[in-house]
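For reference, the structure discussed in these notes is given below.
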Amino acid sequence: MIDIKDKIQCSGCNACGDSCTENAITFAVDGEGFWYPHVDTSLCVQCGSCEKVCPILNECGRKSTNYTEPKCYAAEHKSVEVLFASTSGGMFSALADVMYNDKGYVGGAVHNDDFSVSHFISNDRSDLKYLRRSKDLQSNAEGFYKKVKNLLEKGEKVLVCGLPCQIAGLVNFLGKEYENLITVDLICGGVNSPKAWRKYLDYIEEINASKIVWTENKSKEYGWRNLTQKFVFENGSEYFDTRKTSCFTNGYIGSHLYLRPSCYECRFRDFPRIADITIGDFWGIENFTGKYKSDMGTSVVMVNNEKGARYFAKASRRINCEEVSLDWVLPGNPSLTPHASKMPDRREEFFRDLDLMRFDEAVKKYQVEEQHKSSRFKSAVKFFLYIAKITRMNPRALCQTIKYSGIKNLKAGRGIICGTNCHFNVDKTASIEISGLVTYGRKDRFKRSKAESRLYLGKNAKLVFNGDFYIDAGNEIEVFDEAELIIHGCRLGYSDAKTGLNIVCGQKIDIKSDVGIGKNVTIRDTNGETHYINTTGYRTSRPVEIGEKAWLCESCTVMPGVKVGTGAIVGACSMVTAPVPDHVIVSGNPASIVQENVMWKL
C-alpha cells in the first residue's frame, strides 16, 4: 500500500491511482498545491499494485534495454507556421503528425478552462494546438493511464508525451511492451506548483484589470530565447511577460522556489532514458554551429532505442535536422544531469506568505539575489564604456548627455546618451522624462557619417521615454508648444529606430512598447497651425497612437488621428490615414488591409 511519509518520495505521476482496481486511492492537495495519494484503508485489499507501478519505488525495466548514450539531433520544423506555434523547434508537432497520419492517438498535457493542466488523449489533429506547448507546471494524469492501456489493447496506435516520471509511471503501469506505443519524454527542469501558477495568473489579471481568456508559454513573438508568456484578456488586450519581467520565471528558473519536492532529487534525469524519444530546447546550439540564427526555436532530439529510431525516421521529412554529439547537448541542458538544485531554505515560509501576499511581492521577497557587488561594478564599467563608445568622448556630446540625463540618472544606468552630431533645441520650460536608456544618434555601421540627429522641444513641450530606445543618426523629432510625445521603448532592452525617422508632434503622439521602426518612417499628428482644409470637422492636429509591438516598415507615413493596432504591420511606402486593427498587414496609399491574423517575431 502506498504510504507517503516523505514528499520527496512522490513525483505526483498519478500511476498508482489508475492501478487500483478497488478505487481506494484518491489524491489530496497539500498547502503547496501539489497532490499526493491517499489510500482509503476500508477499500484497500493490500494487492500491492500501487507500489509495483510507482516509478520511484520500482525502477523502470526500460533503463536496462535503452541506449546508454542516445543518438542526438538538432531539429527545426520546416514550416514557419508550426515553429511560431511551438515551444521550441516544432519537434513534437512532427512526431504527432506521423501518428495522426497513421490514424493513431496522441496524448499529452493541455490547459483546462481554468488554466490548470491535465493529460489528454485523442485522434483529432485539431487538438494539436492545445498539446504542443509546454506548461511548466504539474499535470494531472488521473485516468490517463487507463485510457492509454484500453486503446493499446484494442490495437490502436498511440503516441504519449509526458515528463520522465510520467513516462516511467506509464511503462510500469502497462507492465509489458507494446509495439503500437511510442513514448516521448521531455527534458524537464522540474514541475511548478499549481498553486503558485494560479497566484501568478491572479497577479497578471490584477495588473491588467481583465480576466485571462488565453495564455501560451514561450510565445515566439519576442523570440525563442526570451521565454515569453503571452496573455490574451477578456477586454481584447494582450500582455507579454518576458524572462526579464516575469516574476514567475524568476521564481522558477532563477530561484527554484516552488518546484515539487521530488524534483530537487529527481531520479529520472540521467541516462539511459526511459522513453523511446526525448525532446526539449536545444539551449546553447549557437555555441557550436551558426546554422540556427533565427531565434525561432531549435529542438534537441535524443533517440533512445531502435523503435524510437524507426519512428524518428518517419518524422524527419518534416524537419531540418542534423546529428550532433551529446557533448553539444549537455552544457545547455543541465536538466539532463542530477539534480535541479538544493531546496530553498525558506521554501515553507514562502508558501505561507503566498497566501497573504501578491505573487510578485512574495517572489521578490524570497528570490535568489543574482547581482552581487562585483557584478554591479562590472555593469558600471560596461555602462561607462558604452557612453564612451556612443559619445566618442566628444566634449559637446558628453555635455549634452550629462545635461539632459542628469548625474543621478547616469549613476543609475539610465538617461539619454548623445551621439557626436546631435543638435538639441529645448525650451527652458520643456521637460524630458527618462526611465530607461535612450541612445540618440548612434553610428554603429557608419562611424564617420556626418548625419545629424535633431531634437526640438517647444514651450511646455513634454518628451517621455519609458524604457530603452535606440535611434540611429540622421533623425529629427519635433515636439511643438504644449505637445506631448511618449515613447515606451522596449522591455527587452532593445528597440530600434532606423535612419530617417521623422516625428512631428503638435498635440500628442503615443508610441507603445516594442514598436519596430524601419528607415525613413514619418509619424505626424499635425498638418501645421497655418494649413487649413475647407472640409467639415477638419482639425489641424489629432492624436496618434502606435500600438504595442506594431511594425512600421521602410518609408511609411502615419498621418494625424491614426491609431495603429497591437501587432499590426504597416507595409513599406504606405500612407496610413485611417485606424489600423490589431494583427493585420496594411499596405498602399491610402493603406488598406491585405492580410489578417498576423503574428511576427520582434
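The values are calculated or read from the model by the stated rules, or taken from the named source; none is laboratory data. The structure displayed is predicted, hence computed values, not measured ones. Cβ placement follows ideal geometry from the backbone for every residue including glycine, while neighbour counts extend to all protein chains displayed.
Here is a yes/no grid of residues against (1) among the acidic types (Asp, Glu); (2) under 25 Å from Phe84 (Cβ atoms):
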{"position": "Gly107", "(1), (2)": "no, yes"}
{"position": "Lys135", "(1), (2)": "no, yes"}
{"position": "Val148", "(1), (2)": "no, no"}
{"position": "Glu156", "(1), (2)": "yes, no"}
{"position": "Leu163", "(1), (2)": "no, yes"}
{"position": "Asn172", "(1), (2)": "no, no"}
{"position": "Gly175", "(1), (2)": "no, no"}
{"position": "Asn180", "(1), (2)": "no, no"}
{"position": "Ile187", "(1), (2)": "no, yes"}
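Out of all the residues in region 373-426, which are free of Cβ contacts under 8 Å to residues at least 12 places away in the same chain, under 24 Å from Phe480 (Cα atoms) and not hydrophobic (A, V, I, L, M, F, W, C)?
Those that are free of Cβ contacts under 8 Å to residues at least 12 places away in the same chain, under 24 Å from Phe480 (Cα atoms) and not hydrophobic (A, V, I, L, M, F, W, C): Lys403, Gly406.
All but one of (1) under 30 Å from Leu201 (Cα atoms); (2) modelled with pLDDT of 90 or more; (3) of a type in the set (Val, Ile, Thr) hold for Thr245; which doesn't?
With respect to (1) under 30 Å from Leu201 (Cα atoms); (2) modelled with pLDDT of 90 or more; (3) of a type in the set (Val, Ile, Thr), Thr245 is out only on (2).
Based on what the data block shows, is Glu81 in the same structural domain as Ile167 (by TED's automatic domain parsing) and either surrounded by 24 or more Cβ atoms within 10 Å (Cβ to Cβ) or farther than 19 Å from Asp281 by Cα (or both)? Show your work before the answer.
Values: in the same structural domain as Ile167 (by TED's automatic domain parsing): yes; either surrounded by 24 or more Cβ atoms within 10 Å (Cβ to Cβ) or farther than 19 Å from Asp281 by Cα (or both): no.
The answer is no for Glu81.
So Leu356 fits all but one of (1) on the phi < 0 side of the Ramachandran plot; (2) touching a residue at least 60 places away in the same chain (Cβ under 8 Å); what number is the exception?
Single failed check for Leu356: (2).
Scanning region 435-485 for residues that are polar (S, T, N, Q) and in contact (Cβ under 8 Å) with a residue 40 or more places away in the chain, which turns out nearest to Thr401 (Cα to Cα)? Walk me through how you get there before you give the answer.
In the first step, residues of region 435-485 are kept if they are polar (S, T, N, Q); the result is 435, 439, 449, 453, 460, 466, 475.
Among the residues that remain, those that are also in contact (Cβ under 8 Å) with a residue 40 or more places away in the chain are: 439, 466.
On the way: Thr439: 10, Asn466: 17 Å.
The selected residue is Thr439.
Of these, Lys462, Lys411, Lys443, which one is touching a helix residue (DSSP H, G or I) at 6+ places or on another chain (Cβ under 9 Å), surrounded by 14 or more Cβ atoms within 10 Å (Cβ to Cβ) and not small (Gly, Ala, Ser)? Steps first, please.
Values: Lys462 fails: touching a helix residue (DSSP H, G or I) at 6+ places or on another chain (Cβ under 9 Å); Lys411 fails: surrounded by 14 or more Cβ atoms within 10 Å (Cβ to Cβ).
Just one listed residue meets the conditions, Lys443.
Restricted to region 483-496, and to residues that are at pLDDT 95 or above and not β-branched (Val, Ile, Thr), which residue is farthest from Ile434 (Cα to Cα)?
First pass over region 483-496, keeping only residues at pLDDT 95 or above: 483-486.
Next cut, not β-branched (Val, Ile, Thr) only: 483-485.
Numbers: Ala483: 17, Glu484: 14, Leu485: 12 Å.
Per the criteria, the residue is Ala483.
Being in a loop (DSSP other than H, G, I, E, B) and at pLDDT 95 or above is the filter here; which residues of region 137-159 pass it?
Going residue by residue through region 137-159, those that are in a loop (DSSP other than H, G, I, E, B) are 138-139, 141-143, 154-157.
Hits for region 137-159 are Ala141, Glu142, Gly143, Lys154, Gly155, Glu156, Lys157.
Which condition from (1) surrounded by 18 or more Cβ atoms within 10 Å (Cβ to Cβ); (2) at pLDDT below 95; (3) in the same structural domain as Ala362 (by TED's automatic domain parsing) is the one that Tyr264 breaks?
(3)
Within region 264-286, can you find the residues that are under 21 Å from the mean Cα position of the chain (by Cα) and touching a residue at least 12 places away in the same chain (Cβ under 8 Å)?
In the first step, residues of region 264-286 are kept if they are under 21 Å from the mean Cα position of the chain (by Cα); the result is 279-286.
Ile279, Gly280, Asp281, Phe282, Trp283, Gly284, Ile285, listed by residue number.
Here is a list: Ile167, Ile182, Ile121. Which entry is hydrophobic (A, V, I, L, M, F, W, C), out of contact with any helix residue (DSSP H, G or I) (no Cβ under 8 Å at 6 or more places or on another chain), buried (at least 17 other Cβ atoms within 10 Å of the Cβ) and at pLDDT 95 or above?
Working: Ile182 fails: out of contact with any helix residue (DSSP H, G or I) (no Cβ under 8 Å at 6 or more places or on another chain); Ile121 fails: out of contact with any helix residue (DSSP H, G or I) (no Cβ under 8 Å at 6 or more places or on another chain).
Only one candidate qualifies: Ile167.
Please specify each residue of region 286-312 satisfying the condition of being buried (at least 17 other Cβ atoms within 10 Å of the Cβ) and either modelled with pLDDT under 95 or on the phi > 0 side of the Ramachandran plot (or both).
First pass over region 286-312, keeping only residues buried (at least 17 other Cβ atoms within 10 Å of the Cβ): 288, 292, 296-305, 307-308, 311-312.
Residues satisfying the conditions are Phe288, Tyr292, Met296, Gly297.
Where in region 388-483 are there strands (runs of 3 or more DSSP E), lying wholly inside it, with at least 3 residues that are within 37 Å of the chain's Cα centre (by Cα) and in the same structural domain as Ala497 (by TED's automatic domain parsing)? Lay out the reasoning, then the answer.
On the way: elements: 415-418, 422-426, 431-434, 437-442, 453-457, 462-465, 469-472, 476-479.
Here the list reads 415-418, 431-434, 437-442, 453-457, 462-465, 469-472, 476-479.
Could you tell me whether any residue of region 102-119 is in contact (Cβ under 8 Å) with a residue 12 or more places away in the chain, at negative phi and touching a Gly at 6+ places or on another chain (Cβ under 6 Å)?
no
Which residues, taken from region 313-346, are assigned to a helix (DSSP H, G or I), surrounded by 18 or more Cβ atoms within 10 Å (Cβ to Cβ) and touching a helix residue (DSSP H, G or I) at 6+ places or on another chain (Cβ under 8 Å)?
Of region 313-346, the ones assigned to a helix (DSSP H, G or I) are 313-318, 326-329, 334-336.
Applying the additional criterion that residues be surrounded by 18 or more Cβ atoms within 10 Å (Cβ to Cβ) yields 315, 318, 328-329, 335-336.
Those that are assigned to a helix (DSSP H, G or I), surrounded by 18 or more Cβ atoms within 10 Å (Cβ to Cβ) and touching a helix residue (DSSP H, G or I) at 6+ places or on another chain (Cβ under 8 Å): Ala315, Arg318, Trp328, Val329, Leu336.
Taking the stated definitions as given, is Phe248 crowded, with 20+ Cβ neighbours inside 10 Å, in contact (Cβ under 8 Å) with a residue 40 or more places away in the chain and on the phi < 0 side of the Ramachandran plot? Spell out the reasoning first.
Working: crowded, with 20+ Cβ neighbours inside 10 Å: yes; in contact (Cβ under 8 Å) with a residue 40 or more places away in the chain: yes; on the phi < 0 side of the Ramachandran plot: yes.
When the stated conditions are applied, Phe248 passes them.
Within region 231-245, track down each residue that is buried (at least 19 other Cβ atoms within 10 Å of the Cβ) and in contact with a helix residue (DSSP H, G or I) (Cβ under 8 Å, 6 or more places away or on another chain). Step through it out loud before you land on a result.
Taking region 231-245 first, the residues buried (at least 19 other Cβ atoms within 10 Å of the Cβ) are 231, 238, 240-242.
Passing the criteria: Phe231, Phe240, Asp241, Thr242.
Which of (1) in contact with an Asp or Glu (Cβ under 6 Å, 6 or more places away or on another chain); (2) crowded, with 21+ Cβ neighbours inside 10 Å; (3) within 21 Å of Leu137 (Cα to Cα); (4) not basic (Lys, Arg) does Pro37 not meet, given it meets every other one?
Condition not satisfied by Pro37: (1).
If we scan region 177-195, do we find a residue that is without any contact (Cβ under 8 Å) to a residue 40 or more places away in the chain, charged (D, E, K, R) and out of contact with any Asp or Glu (no Cβ under 9 Å at 6 or more places or on another chain)?
Yes, region 177-195 contains a residue that is without any contact (Cβ under 8 Å) to a residue 40 or more places away in the chain, charged (D, E, K, R) and out of contact with any Asp or Glu (no Cβ under 9 Å at 6 or more places or on another chain).
Write out, first by first residue and then by second, each pair whose Cβ atoms fall under 9 Å of each other, whose residues are 6+ apart or on separate chains, and whose first residue, in region 201-217, is within 14 Å of Lys135 (Cβ to Cβ) while the second is outside any strand (DSSP E or B) and small (Gly, Ala, Ser).
As it stands, the answer is Glu216/Ala85; Asn217/Ser134, since those pairs meet every condition given.
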